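The values are calculated or read from the model by the stated rules, or taken from the named source; none is laboratory data. Note that the structure is a prediction, hence the values are computed from the model and not measured. Please note: Cβ atoms are built from the backbone with ideal geometry, for glycine as well, and neighbour counts cover all protein chains shown.
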Amino acid sequence: MSIAIIDSCATDAPATPAAPEALATTLRIEGWVRKPLELDAAALDAMDGTLVQDFDVICTWDGSHGVLPPVRAVFLGDLIMRAHPAFEQRVDYKRTALVAEGRGGYRALYSWGEVFNSPLGRGIVVAYAQDGSALPLDKGTFVLFSRHDVATGPRYVQGLRRIELVKVW
């Protein structure tokens, strides 16, 4: 029995012609939060962030797609905490998922535990600048990626538009 592997890096996926999608210039943090946010690149630049170097986009289907140039980024966890999760009980964090959506409706899923309770968390970032300028247009205004995933490509979200906190149960 063979299992088809589909991720954002697969090159033989059927292409569906579509009208060009407008570039999102803001990032929304919404869902199960007390303070929904709409942030632009300047707002992210005003936060404490990091310079990410040597990030290799590695896909499960066909390996490395190359190392990105250094980018300025902020930690996903820091963005989420600014939106004040709307927890009502001490254990609500256990029932929370984060859904990141990019251009074309592409989505990546993170659990609360991996963002806030594992070494993986400090490697999940939202990039917004390269060489002191905006990211290249083909990447979008914002890009989310997880530096410590084994295959980094499937959760590499270009044209990031929103991050939604979802109460799972």
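Sort out for me the strands (runs of 3 or more DSSP E) sitting completely within segment 50-169 that have 3 or more residues that are surrounded by 17 or more Cβ atoms within 10 Å (Cβ to Cβ) and modelled with pLDDT under 95. Strands (runs of 3 or more DSSP E) meeting the threshold: 56-59. Within segment 5-36, restricting attention to residues that are polar (S, T, N, Q) and modelled with pLDDT under 90, the residue that is surrounded by the fewest Cβ atoms within 10 Å (Cβ to Cβ) is Thr16. The residues of segment 99-122 that are among the small types (Gly, Ala, Ser) and either in contact (Cβ under 8 Å) with a residue 60 or more places away in the chain or within 15 Å of Pro70 (Cβ to Cβ) (or both), listed by number, are Ala100, Gly104. Kindly check whether there is at least one residue in segment 35-56 that is over 24 Å from Pro136 (Cβ atoms) and among the aliphatic types (A, V, I, L, M). Yes, segment 35-56 contains a residue that is over 24 Å from Pro136 (Cβ atoms) and among the aliphatic types (A, V, I, L, M).
The one condition from (1) closer than 20 Å to Val115 by Cα; (2) among the hydroxyl-bearing types (Ser, Thr, Tyr); (3) without any contact (Cβ under 8 Å) to a residue 24 or more places away in the chain that Ser64 does not meet is (1). Only one of the listed residues (Ala73, Ala108) is among the small types (Gly, Ala, Ser) and more than 17 Å from Glu38 (Cα to Cα). That residue is Ala108. Condition first: in contact (Cβ under 8 Å) with a residue 60 or more places away in the chain and within 14 Å of Ala73 (Cα to Cα). Now tell me which residues in segment 141-155 satisfy that. Residues satisfying the conditions are Thr141, Phe142, Val143, Leu144, Phe145, Arg147.
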